[in-house]
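All of the numbers you see were taken from the coordinates with simple rules; none came from a lab. Worth saying up front: this structure is predicted, and the values here are computed from it rather than measured. All Cβ positions, glycine included, derive from the backbone under ideal geometry; neighbour counts span all protein chains shown.
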Amino acid sequence: MSRAHPLSRLIDALRVLPGVGPRTAQRMAYQLLQRQRSGAEQLLAALVHTLDLVTQCSHCNNYSTTPICELCQDESRDPHLLCVVETPTDLLMMEQTLAYQGHYFVLMGHLSPLDGIGSQDIHLPRLVTRIQGSALEEVILATNLTAEGEATAHAIATLLRPLGLRLSRLARGVPVGGELEYIDSGTLAQALRERRQALN
């Protein structure tokens, strides 16, 4: 089958999804054509509708159907707190905790010089603009606990330190319900370093 064949183009398009390799993309394409043509039409309509209507919030950079998203417009949220996350899914996870009531900024990635991803690509200048002249007092760096996430958090801290804000990082350590014998040594070492005083 030639690369110009419509089915080849569909398979290639499906491969942009995370975790979808050539074989999986091929199975998905044939499934859509053989048994799910109505589902394929729904998928197409949903994609076109979403691409037409969804943009990025001018304040937090998260996906939104309005210039300023609902979270940024919510006056009940703490205007003194800003949580910086890598992706919209990270924001959703933070919201699901019900433990945070401040505002957000979504980087849409992390620094990765080897992949050619620099500060402009993750909107760091936009983050500084968002913070300047605001009522913010604390910025929580909630990037992932990976080498790239740590490098990104360090770069942001270096950039924001002159602004005089309190900068904090998500704590790392033993997960809730975790048993020590099943926890990797790196996580356990970090938990030991970040130990806190026991309750009386």
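If a/c stays under 1.5 just call it rounded; otherwise compare a/b with b/c (prolate if a/b is bigger, oblate if not). Do that for the chain, with a ≥ b ≥ c from the square roots of the Cα gyration tensor eigenvalues.
It is prolate, given that a/c is not under 1.5 and a/b is the larger ratio.
Quick check: pseudo-label points 7 Å beyond the Cα along Cα→Cβ at ALA147 and ARG77, how many nm apart are they?
Placing both labels 7 Å beyond Cα along the Cβ direction yields 3.3 nm.
Among GLU181, GLU75, GLU150, which one moves the most in a GNM of the chain with springs linking Cα atoms closer than 10 Å?
Among GLU181, GLU75, GLU150, the largest GNM mean-square fluctuation belongs to GLU181.
Can you give me the Rg/Rh ratio for the stretch 56-169, using Cα atoms for both radii and the Kirkwood formula for Rh?
Dividing the radius of gyration by the Kirkwood radius yields 0.93.
Taking the simple approach of a point 7 Å from Cα along Cα-to-Cβ for both LEU170 and ARG35, what is their distance in nm?
3.7
Among ARG23, ARG172, ARG77, which one moves the most in a GNM of the chain with springs linking Cα atoms closer than 10 Å?
Highest fluctuation of the listed residues: ARG23.
Strictly greater than 18 Å: what percent of every Cα pair in the stretch 92-136 meets that?
Taking all Cα-Cα pairs of the stretch 92-136, the fraction more than 18 Å apart is 46 percent.
When a footprinting reagent is the concern and you count Cβ atoms within 10 Å, what order do THR50, THR152, THR97, THR24 take, fewest first?
THR97, THR50, THR24, THR152
At what distance in nm do the modelled label points of TYR182 and LEU98 sit from each other, each positioned 7 Å from its Cα along Cα→Cβ?
2.5
Shape call for the stretch 6-53 from the C-alpha gyration tensor, a ≥ b ≥ c root eigenvalues: rounded (a/c under 1.5), prolate (a/b greater than b/c) or oblate?
Since a/c reaches 1.5 but b/c is at least a/b, the shape of the stretch 6-53 is classed as oblate.
Going by how many other Cβ atoms sit within 10 Å of their own, how do TYR30, TYR104 line up, fewest first?
TYR30, TYR104
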